[in-house]
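First up is the structure itself, then whatever we jot down about it.
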């Protein structure tokens, strides 16, 4: 798509030399009101035409010339795409006399390969200070092709790759059971497993992974190892939950929601599968969770294993028909898609249980549901944003969110609250009578805001001592101060004694627990990183929590540590001047940082924390080894320059500019404003841009100035900053972009404000259209690559959170 946009920009910009603003104006007030319900912008942003002699004219290119430029750009990008390792797993070696302290597993793309694979490196116990130790990337798998033949994925796999934004091939994720050394992963349209470490020791040469055969038709998705018994693993097949024994090959279907029909209309139910909205807007890609412990029954070695899962009924969700990407097929694909204001799926949390005998054979399976219908217990819950189990298996937990996304509840559900699925009301009543009166949901935490709640993963429950009626946990909360920070919370679990055989109607604060204590661990006008898979690491022995955040500057991510026992000093562990993404080892003695800056391509280094054990908070990171050094930039790559300015509304904004590579004194260059501008995204920061945004450098090499501005609505600046666009999408964002353009024009002197194009994807495509409508005197052509142009058809979660309820909307408002 970029070569087309670049060509269009060339052609259109070349024709501007003698044109006036009026010839490009789109000043239909009706169109503007339809788009946002806002009045037409004033003409205070009108731009005077530059003297034609002062205009820099971009060289015209033929299609072949443009193709050559793009191919050269992509070739150069290969020089700096280091295929960095990721998804790290530390395993500590117990042989104190051996030369290595850890074996480090990860996914990566070895030199000369085109697909991701499972790799490992050995971390030495001792290193020489004067030498740079570069760790070897070693193959775990011997001559293994993980990508399906001809790269053809199943429909389910292809859709998941789209939701996860996966551009790589091969092994893209894996599950690992540390005690047994078991690895489980999807590859080549099948499932495979291998072992390293555990009781069998560590391998010394690559191994052949073993394929797990199946009687199931269709792909086995979302495979997970049972944490309580690694002989078992689970997967999703045809929208239902299955379990299998790796050692014996036994397979058992646990749920029976899906009928296996070819029609979307006739088969609306699923079990254990995250729906489109949950995947796309809440970054939850699974719909089931293993209980980490087993319940032992009797003296014959029988045990019960449990899985919490989400059951979904999409029968009332609208079906849309999308033309197939393979146009020669001349058919459409059908999907359930909840448009803004329409009905969402009906949801419920259930348990799947199965019992095994002493030989590991499955002898009984059972589906369980809540003692009262989910919609009765939680009538205002629209989304199950996250779920899981406490480590001792005493409670399943879930994060419930209402439809406006302004109230989140963190709820505990004891397994005793679930009863076997009944065949009739009489049987259901008998099951309900067996539920203890003390078994009930516990709402241990609640977050409320008038903006919207940004869902994240950070919830760390501590083990609950036997007999105690309290739960202590660490939670990140953005609603309390407007900035995401860590809190240590103690909630009191007080059973009220419910008779679940009686009709039930919950009160406003039903099941809400008193908060005994809430300790602030971090504070200030900066953010703990919690979204997009960010983690915290809690060392219960030293009472320390490690987290990533923006305490030093909103432009850089760093690793920090703070005590949760005596909150106070926050210590930074990573080097300033770079933006870092970190992973801690399981015993908290090492961490890995994948870091870069605007001018430095990515590096991946291993650090060891050193210092006195009686002062663990102040242990200092010491460079230990390198996994990847920064590649050399292509000769024509010029990094952008970061700037900041204050708006008329007294808000400091950050931007970056790619200067034209051949700036001529006194010449004004045509300018491209690259925008996103919506929630959840930050474009401007001190990380390397030469990979993902290499096309912006290519435009600069052609003679364009390229400007990028993070205005109000973008993330990492607090909830109020991000929520400024609520109920006025496409307005405050455009105002900030235009102010930024005038700032850079005055600061740098080579911006031609009479020749400004606006370009963006997704929400940036929407803003590109809004820029043309609201500021036709500023913006000329644009590249709106697929825009979310009207809230009526936009991403349902964004539209629900960023706009008024549909019944309050005017057309497109």
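Is the shape of the range 589-733 best called rounded, prolate or oblate, per the rule: a/c under 1.5 gives rounded, else a/b larger than b/c gives prolate, else oblate, with a ≥ b ≥ c the square roots of the Cα gyration tensor eigenvalues?
oblate
Once a ≥ b ≥ c are taken as the square roots of the eigenvalues of the Cα gyration tensor of the range 233-297, is the result rounded (a/c under 1.5), prolate (a/b larger than b/c) or oblate (a/b not larger than b/c)?
Since a/c reaches 1.5 but b/c is at least a/b, the shape of the range 233-297 is classed as oblate.
Please report 361, 551 as a ranked list, fewest other C-beta atoms within 10 angstrom at the top and most at the bottom.
361, 551
Working out 0.36 nm times the residue gap between residue 199 and residue 501, then minus their Cα-Cα distance, what length gain in nm do you get to one decimal?
Between residue 199 and residue 501, full extension yields an extra 103.8 nm.
Taking 7 Å along the Cα-to-C-beta vector as the label spot, tell me the residue 133-residue 438 distance in nanometres, rounded to one decimal.
The two pseudo-label positions are separated by 5.2 nm.
Can you compute the FRET efficiency between residue 508 and residue 173 using 1/(1 + (r/R0)^6), with r the Cβ-Cβ distance and R0 = 45 Å? Round to the nearest 0.05.
Approximately 0.65, to the nearest 0.05.
Taking Cα atoms, how many degrees apart are the long axis of helix 63-80 and the longest axis of the chain, rounded to 10 and kept between 0 and 90?
Around 50 degrees separate the two axes.
Where in the range 226-261 is the amide nitrogen less than 19 Å from a point lying 7 Å along the Cα-to-Cβ axis of residue 296?
227-232
When the Cα centres of the range 528-542 and the range 141-211 are compared, how far apart do they sit, in Å?
26
Compute the relative contact order of the chain as a whole-number percentage, counting only Cα pairs closer than 8 Å that sit 6 or more residues apart in sequence.
Computed value for the chain: 11 percent relative contact order.
Pairs of Cα atoms under 8 Å, at least six residues apart: use those to get the relative contact order of the range 535-630, whole percent.
18
With the convex hull built on the Cα atoms of the range 212-370, state its orientation-averaged projected area in nm².
Averaged projected area of the range 212-370's Cα convex hull equals 11.2 nm².
For labels at residue 332 and residue 149 in the simple 7 Å Cα→Cβ model, what's the distance in nm?
Rounded to a tenth, the inter-label distance reads 3.4 nm.
Using a 10 Å cut-off around each Cβ, can you sort 353, 541 from fewest to most neighbouring Cβ atoms?
Fewest to most other Cβ atoms nearby, the residues stand as 541, 353.
Please report, in cubic angstrom per residue, the volume enclosed by the convex hull of the alpha-carbon atoms of the chain.
Taking only Cα atoms, the chain has a hull volume of 188 Å³ per residue.
Just rank 317, 638, fewest to most, by other beta-carbon atoms within 10 angstrom.
638, 317
Of the listed peptides 667-680, 245-258, 279-292, what is their order by residue-averaged count of other C-beta atoms within 10 Å, with the highest listed first?
The most tightly packed comes first, giving 667-680, 279-292, 245-258.
Between residue 92 and residue 256, how high is the FRET efficiency from 1/(1 + (r/R0)^6) when r is the Cβ-Cβ distance and R₀ = 45 Å? Nearest 0.05.
Computed FRET efficiency for residue 92 and residue 256 comes out at 0.55.
Helix 732-748 versus the longest principal axis of the chain: what is the Cα-based angle in degrees, 0 to 90, to the nearest 10?
Once rounded, one gets 50 degrees.
By how many degrees, 0 to 90 and rounded to 10, does the Cα axis of helix 155-164 deviate from the longest principal axis of the chain?
Computed tilt is about 60 degrees.
Under the rule a/c < 1.5 gives rounded, and otherwise a/b versus b/c splits prolate from oblate, where does the range 626-677 land using the Cα gyration tensor?
Oblate.
Each reported figure results from applying straightforward, stated rules to the coordinates on display, with no laboratory input. This structure is a prediction, so every number in the text was calculated from the model and none was measured. Methodologically, a virtual Cβ is constructed for each residue, glycine included, from the backbone with ideal geometry; neighbour enumeration extends over all protein chains shown.
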